[in-house]
Amino acid sequence: MTDEERLERQFAFIREIDREKFIIRQTYLTGAKRQENDAEHAWHLAVMALLLGGYANEKIDLLKTVSMVLIHDLVEIDAGDTYAYAGVSHEAQHEKEAKGADRIFGLLPPDQGQAFRALWEEFEEGETPEARFAHTLDNLQPMMQNDMTGGQMWQERGIALSQVLRRNARTADGSAVLWDYAKSRFLAPHVGKELKADTELPAAAEAPDGAGKTE
């Protein structure tokens, strides 16, 4: 591949991911005037990673984590956004998104395409410190948005606390500190109001030794 061909493929990818701005999520922005899009969500996660990386349960590579959250939803250009409480199986969702990953990351020069695809797969598997922390942020950001907008989307969709807790069953794996903060600041004020109180909030978790380290 010539340098010119490489650059053309890189810009083909850059132009294509502009379409992420049209993928609408089921989360309201401040003031609940409109719903956010995937690109806004990814930007928010990247800033959160920079600021909150020190609260990860394990030592993380911060650049890798930021890169992961920036690209993790690009596959939704083809697959579309799946609402967290829509009841779609993980297998069905992953199948659609994997096809999107094949096409979108395939636009890049092979070395970069393979690197991005591997990073996306790592996020999906959620088994590394960076992926665990990225998932924590991915779960907390819409929760924060729901709190900021008075729980409006929870109320509109008839969401119950038990659904939120199931969705966040592994959120503490990335950061016990952030999950405890979210429970007390983002969830508790809405339980029995905009969020149906069909169970109780669990007690605070204990942060593991070594939390608060980044590279």
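No lab work stands behind these numbers, since they all come straight from the coordinates. Computed from a prediction, not measured in an experiment: that's the story for all the values here. Backbone-built Cβ (ideal geometry, glycine too); neighbour counts: all protein chains shown.
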Taking the Cα-to-Cβ direction at residue 12 and at residue 203 and moving 7 Å from each Cα, how far apart do the two end points lie in nm? 5.8 nm
Residue-ordered couplings for the range 127-139, obtained by feeding phi - 60° into the Karplus form 6.51 cos²θ - 1.76 cosθ + 1.60 and rounding to whole Hz (Gly and Pro as x), are 10, 9, x, 5, 5, 4, 5, 4, 5, 4, 5, 4, 7
Tell me the volume per residue, in Å³, of the convex hull enclosing the alpha carbons of the range 54-149. 114 Å³
Starting from the Cα-Cα distance between residue 40 and residue 185, subtract it from 0.36 nm times their residue separation and give me the gain in nm to one decimal. 50.0 nm
For the pair residue 114 and residue 30, what calculated FRET efficiency results from E = 1/(1 + (r/R0)^6), where r is the Cβ-Cβ distance and R0 = 30 Å, to the nearest 0.05? 0.20
Inter-part distance where the range 1-31 and the range 84-130 are each reduced to a Cα centre, Å: 15 Å
Any residue on another chain or 5+ positions along whose placed amide H is under 5 Å from the amide H of residue 160 is listed here as 196
Using the reciprocal of the averaged 1/r over all distinct C-alpha pairs, how large is the Kirkwood radius of the chain in Å? 18.1 Å
About the Cα centre, and with charges only on the beta carbon of Lys, Arg (+1) and Asp, Glu (-1), how big is the dipole of the range 3-190? Nearest 20 debye, please. 860 debye
For the range 9-23, in residue order, the Karplus 3J(HN,Hα) values (coefficients 6.51, -1.76, 1.60; θ = phi - 60°; whole Hz; Gly and Pro = x) are 5, 5, 6, 4, 5, 4, 5, 5, 6, 4, 5, 4, 5, 9, 8
